[in-house]
Number of protein chains: 4
Amino acid sequence: MQPLSLIQASKIVDASLERARELKCQPLTVAVLDAGGHLVALKREDGSGILRPQIAQAKAWGALGMGHGGRALAERAAAAPAFFAALTDISGGRIAPVPGGVLVRDGSGNILGAVGISGDHPDKDEACAVFAIQSVELMADGG
Amino acid sequence: MQPLSLIQASKIVDASLERARELKCQPLTVAVLDAGGHLVALKREDGSGILRPQIAQAKAWGALGMGHGGRALAERAAAAPAFFAALTDISGGRIAPVPGGVLVRDGSGNILGAVGISGDHPDKDEACAVFAIQSVELMADGG
Amino acid sequence: MQPLSLIQASKIVDASLERARELKCQPLTVAVLDAGGHLVALKREDGSGILRPQIAQAKAWGALGMGHGGRALAERAAAAPAFFAALTDISGGRIAPVPGGVLVRDGSGNILGAVGISGDHPDKDEACAVFAIQSVELMADGG
Amino acid sequence: MQPLSLIQASKIVDASLERARELKCQPLTVAVLDAGGHLVALKREDGSGILRPQIAQAKAWGALGMGHGGRALAERAAAAPAFFAALTDISGGRIAPVPGGVLVRDGSGNILGAVGISGDHPDKDEACAVFAIQSVELMADGG
């Protein structure tokens, strides 16, 4: 298993933002974390809110934390709100159970890291992440 | 883009409190933050509760963090409670999704900072902030 | 015992900043807390660093927390560094043992609150606070 | 005053890492924050430790918080250890008083943001930041 490299992470960030401009998204923040949940690359577009870096990282970190993409976490949070309220504290505020947190898997299904995007509607955030992960020939698992 | 000055922030605080006395509001706390979410000026009226400085700042900070006024954040929080519960932790307790957090924009729409007011009904808190921002010829965006 | 009013606190803030301009201080942040350690009024001058509001409040809070001005706390911290390292954690990061935190006392010696100033050399910070407290005919106790 | 753009911040990150390879530095992490202390761009090289993103941000944030580069903060910390121990708590762990946190100023001296680099000796971290800031024709203030 080959860990996610800075070169791959940087390409994912840039491809996400190119896709965001094509989709005319609001200003986005894109974070790429490695399998250990640690930041590898991040860009915040001009005008993207000051909490967006934390939210983008929390979308990605939450996906890694639970092993499922943000879309699956959002469904679980709706079904088990008290558990997810506890999880935000358990994780020290590092989980955002909402679409836009997407696991990065290799061809064998190994988790290499995660992408988190925040700034527009969660569905659009997620679409940019999925597009970018696939552009570097890895598998996107949004949940 | 001209950053919010202490002179402008002080006028906003004082105009908010003058308006509050005209509207016979409960004792208020008024905080003005710059675009980076850092406190520029604050006044807490006699009798305003000891948590009010934190709440007023959280109303303003939350608006800056997400790029939308507190009224819009309150609507979103009602629609996505688990995500907003997570946001309070992600932000380290710096978000209060409720009317009374109002973005300060210049004539071109740039965000210069935010006003947060706490102490009376959120609608009245917000009305004082909007009045005060407009009194210094800036644009109020309550969400 | 008459609690510190917003009118008094505001005058202290403004007198501190007037004095700072006479002394050609670096851009300052001035915080006034009541006897319970809660913020009553604060102003941050243009160009004063983004951590200055927290430092100014910590100078004032620390003085209230220990019942001694920042100058006395600095001497004690030099003599008992491990204890003061513990105090920063015990207080949740609300203590800054350095000159510029000045207790506000009435004519009978009762503590009404504290002023914290940050931005220039601690001696100059303290001088502005002492001047301002005396200008409203209260007693300044810098430690 | 023109805020630091993502384009500028990205160029600073990339120029820092190019310089680091020329100087044969250990694997680095480079963070660029805006004037409000919020992350704009970050890259962590393969093999750079998992705490490096926090350290790099703390070098930059501390410089912004105090209005002085990390080299000046390191000197002050040596002279006033108790105060700087307090500052780490006051800031919530967002200050690293060590070379490698460098303020970004425009031609008029306005602070536009800060660069923080971590991974090699602080002097080499700082050299990469200074080189990169100058490469985009802004002023580097390491303290």
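The values are calculated or read from the model by the stated rules, or taken from the named source; none is laboratory data. Remember, predicted model here, so these are calculated numbers, not experimental data. Every residue, glycine as well, gets a Cβ built from its backbone with ideal geometry; the counts of neighbours run over all protein chains shown. Please note that ligands, DNA and RNA were not included when accessible areas were found on the heavy atoms of the full protein model with its side chains. Shrake-Rupley method; radii C 1.70, N 1.55, O 1.52, S 1.80 Å.
Tabulated data
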read-out	value
Scan of region B:23-36 for residues that are within 21 Å of C:A35 (Cα to Cα) and either within 14 Å of chain D (Cβ to nearest Cβ) or crowded, with 24+ Cβ neighbours inside 10 Å (or both), ordered by number	B:L28, B:T29, B:V30, B:A31
Extreme residue, farthest from A:A20 (Cα to Cα), among residues of region A:101-126 that are part of a loop (DSSP other than H, G, I, E, B) and more than 9 Å from every other protein chain (Cβ to nearest Cβ)	A:S108
Residue within region A:37-51 that is more than 14 Å from the chain's Cα centre (by Cα), modelled with pLDDT of 95 or more, away from chain B (no Cβ under 12 Å) and at positive phi present	no
Region A:70-95, residues that are charged (D, E, K, R) and more than 8 Å from chain B (Cβ to nearest Cβ)	A:R71, A:E75, A:R76
Complete set of residues in region C:52-69 that are more than 14 Å from chain D (Cβ to nearest Cβ) and open to solvent by less than 10 Å² (accessible area, probe 1.4 Å)	C:G69
Every residue from region D:93-135 that is open to solvent by 40 Å² or more (accessible area, probe 1.4 Å), under 19 Å from D:H38 (Cβ atoms) and among the small types (G, A, S)	D:G93
Filtered residue count, region D:104-127, keeping only those that are on the phi < 0 side of the Ramachandran plot and under 10 Å from the mean Cα position of the chain (by Cα)	8
The one condition in (1) under 13 Å from the mean Cα position of the chain (by Cα); (2) open to solvent by 10 Å² or more (accessible area, probe 1.4 Å) that D:P81 fails to fulfil	(1)
Count of region D:1-19 residues which are over 17 Å from D:A140 (Cα atoms) and among the hydrophobic types (A, V, I, L, M, F, W, C)	2
Leading residue by the ranking (least open to solvent (accessible area, probe 1.4 Å)) among those in region C:1-12 that are part of a helix (DSSP H, G or I) and more than 9 Å from every other protein chain (Cβ to nearest Cβ)	C:I12
Helices (runs of 4 or more DSSP H) fully within region C:21-100 counting 3 or more residues that are more than 15 Å from C:G143 (Cα to Cα) and not basic (K, R)	C:52-66, C:81-90
